[in-house]
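One structure below.
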Amino acid sequence: MSNLFKNLFSGFNKIGSNSIDSAVGVDIGSSAIKVVEIKKKGGKAVLETYGAIALGPYAEVEAGRVTNLPVDKTALALLEVLKQSDVSNKSLALSIPAQSSLIFTLELPPQVGDSDIATIVPTEARKYIPVPITEVSIDYFILPKKEASFEEMNNAESAGSDKGKTTVLVVATQNDAVARYRSIVSESKLSASFLEIEVFSSIRANFEHELSPVLLVDFGASSTKLSIVEFGMIKNYHTIDRGGADITNAISKSLSVPFADAEKMKKEFGLFGNPVEKSLADIIKVHVDYIFSEMNNVLLGYEKKDNRTISKVIFTGGGALLKGLKEVAINNFRAEIEIGHPFSKVGAPAFLEKVLLSMGPEFAVALGLALRKLQ
């Protein structure tokens, strides 16, 4: 059982009095690297600096394209964004992409004691992991038991079906991915205090004290990640293999414009459409509709299995900034739709408020990492 992700599931509380003074979170995505540095001042987390760099140019393609850079080029980009952002702390907290991990839950029978779980989890996990168990690092967390709803308490059959069962959240991460990120840090001549799967960082940055189940939707460049979260913990996780770069690519091909121009049009007009190029909104909507359809399937599956309803959907990630996305979502889902505002968790100058509000979702993972490190 790996201790690489020691305290993987910690860090949803406020900053403590014995914490370190400065923390840097680094989110190495498929199309960009984002960094956030925060400091502790007067017992509160305060934003020191932040920055982002596109990885496309390092792969000799346009900014916004999905890349798969070698370690040395990723390290170069990392050093450049740290320099541009004037980051002072050289000890980093890094995220590992969800694509390099498998996140699932196991239901164990009532007779299994806590002392037996450490032995049982790796054995049971083998059934879900499509690669040899030696190729992954496994971590797990015992989920708190949910309280029975009024309907369940009055329904003997449903009340007895899950009684006493222990639900365990399991995370299996490819050792190759871990080795790659260690190599990037080593090549950069920096140090890393911990690695964390991006979804946990994102939850920390976007959540307050949500009592009802919430769907967190992370719109990335290469994929869209869905996490159903209860009491700060993942109950259900799903990846949709479609992201912001796919939308830009579709615009580029459909309108016969360069990728860079398509990216600019997407950001400028989004789903509100372009008065000159009226088909722009329709091209984008095809992809958004597909993502929303997959979201609906996940929600229906959860509601059917757990007999609980999602009351809120939080959008995060760079793609959450697509103009018109929230408005279209409101017409598609019964739940409350919210755009994440991670920077509300840290103090910042008043003149930065509008900027941080407009770009916050993009920096959620980096900020979530820094928040954990500052604890």
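Readers should treat all values here as calculations from the given coordinates under stated rules, not as data from a laboratory. Predicted model only: the values in this text are computed from it and were never measured. Don't worry about glycine lacking a Cβ; one is built from the backbone with ideal geometry, like all the others, and counts go over all protein chains shown.
Mind checking the full-extension length gain between Glu338 and Met359? Use 0.36 nm per residue of separation minus the Cα-Cα distance, one decimal, nm.
Numbers: separation 21, 0.36 × 21 = 7.56 nm, distance 1.43 nm.
That pair, Glu338 and Met359, stretches by 6.1 nm at full extension.
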Report task. Provide the gained length on full extension for the span Lys285 to Arg308, in nm with one decimal, where the gain is 0.36 nm per separating residue minus the Cα-Cα distance. Result -> 5.4 nm
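Filter the cross-link list Lys285/Lys312; Lys225/Lys323; Lys39/Lys189; Lys90/Lys345; Lys235/Lys285 down to pairs whose alpha-carbon distance in this structure exceeds 27 Å. Could the numbers behind the result be given before it?
Numbers: Lys285/Lys312 22 Å; Lys225/Lys323 19 Å; Lys39/Lys189 22 Å; Lys90/Lys345 23 Å; Lys235/Lys285 29 Å.
Exceeds cut-off: Lys235/Lys285.
Grab the alpha carbons of the chain, take their convex hull, and tell me the volume per residue in Å³. Could you put the intermediate results ahead of the total?
Details: hull volume 56.9 nm³, N = 375.
Taking only Cα atoms, the chain has a hull volume of 152 Å³ per residue.
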**Report entry** Amide H partners (placed H, <5 Å) of Ile96, local residues excluded
**Finding:** Glu196, Ile197, Glu198
Report task. Sticking with the crude label model, points 7 Å out along Cα→Cβ, report the distance from Glu107 to Ala179 in nm, one decimal please. Result -> 3.8
Query raised in the report: Using +1 on the beta carbon of Lys and Arg, -1 on that of Asp and Glu, and nothing else charged, what's the dipole of the chain about the Cα centre, debye to 20?
Result: 640
Query raised in the report: Between Asp241 and Phe351, what is the label-to-label distance in nm when each label sits 7 Å out along the Cα-to-Cβ direction?
Result: 4.8
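Using mean Cβ contacts within 10 Å as the protection proxy, how do 350-362, 121-133 order, highest first? Can you show the working numbers first?
On the way: 350-362: 14.5, 121-133: 12.9.
Highest to lowest by the protection proxy: 350-362, 121-133.
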Query - Projected label distance in nm at Val257 and Ser186, using a 7 Å step from Cα toward the beta-carbon - result: 4.5
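Assuming 0.36 nm per residue, please report the length gained on full extension of the stretch Asn274 to Asp86 beyond their Cα-Cα distance.
Details: separation 188, 0.36 × 188 = 67.68 nm, distance 3.74 nm.
Extra length from Asn274 to Asp86 when fully extended: 63.9 nm.
If neighbour count is taken as other Cβ atoms inside 10 Å, put Phe219, Phe200 in order from fewest to most. Don't jump to the answer; show the numbers that get you there.
Working: Phe219 25, Phe200 28.
Placing the least packed residue first, the sequence is Phe219, Phe200.
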Query - Sequence of Thr239, Thr224, Thr167 once ranked by neighbouring C-beta atoms within 10 Å, starting from the fewest - result: Thr167, Thr239, Thr224
Requested in this report: Quick one, could you list the DSSP H helices from the chain stretching 27 Å or more along their long axis (Cα atoms) with average Kyte-Doolittle hydropathy of -0.5 or above?
Outcome: 280-306
Query raised in the report: Is segment 272-333 best put as rounded, prolate or oblate by its Cα gyration tensor, with a ≥ b ≥ c the root eigenvalues, rounded for a/c under 1.5, and otherwise prolate when a/b is larger than b/c, oblate when not?
Result: prolate
